[in-house]
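To start, the structure itself, in structure tokens.
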Amino acid sequence: MTVRGLHQQLGMAQSHVSFYEQQGFKTVGFEKSMWCRHDANGDKIMVGSQIDDFCICGTNRACLDEFRLALLDPAKGGFEGNLHHYLGCAIARDPGFLAKI
């Protein structure tokens, strides 16, 4: 899913960092723009963020939707649906492929 508008609404470029930490996310390795959370029930969410574009994926749709609402609600950001482009790259989904994260 793609999310836009959060940084402009919160007014600072690094505003997402404290939000992710409050939500239990940790950075992935040395990459400061990739975040991951493993819930106690086994659900995982990964977030890639670059300026005001976010790529969010996870293992449980209800968990993803809950996180998306928590992310967007304070900032009145927008949800653009399934991901088609991210950082200038076209994204093509294979509906028969189930990735493990």
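The values are calculated or read from the model by the stated rules, or taken from the named source; none is laboratory data. Predicted model only: the values in this text are computed from it and were never measured. Glycine gets a Cβ as well: all are built from the backbone with ideal geometry, and neighbour counts include every protein chain shown.
Structural remarks
- Here residue 44 fulfils each of the conditions (1) without any contact (Cβ under 8 Å) to a residue 24 or more places away in the chain; (2) more than 16 Å from residue 81 (Cα to Cα); (3) of a type in the set (Lys, Arg) apart from (1).
For (1) touching a strand residue (DSSP E or B) at 6+ places or on another chain (Cβ under 9 Å); (2) at pLDDT below 80; (3) assigned to a loop (DSSP other than H, G, I, E, B), each residue gets a yes or a no:
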{"position": "17", "(1), (2), (3)": "yes, yes, no"}
{"position": "20", "(1), (2), (3)": "yes, no, no"}
{"position": "24", "(1), (2), (3)": "yes, no, yes"}
{"position": "34", "(1), (2), (3)": "yes, no, no"}
{"position": "42", "(1), (2), (3)": "no, no, yes"}
{"position": "46", "(1), (2), (3)": "yes, no, no"}
{"position": "67", "(1), (2), (3)": "yes, no, no"}
{"position": "76", "(1), (2), (3)": "no, yes, yes"}
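- Residue tally, condition small (Gly, Ala, Ser) and at pLDDT 75 or above, over the range 78-92: 3
- Residue 62 exposed (fewer than 11 other Cβ atoms within 10 Å of the Cβ) and at pLDDT 85 or above: yes
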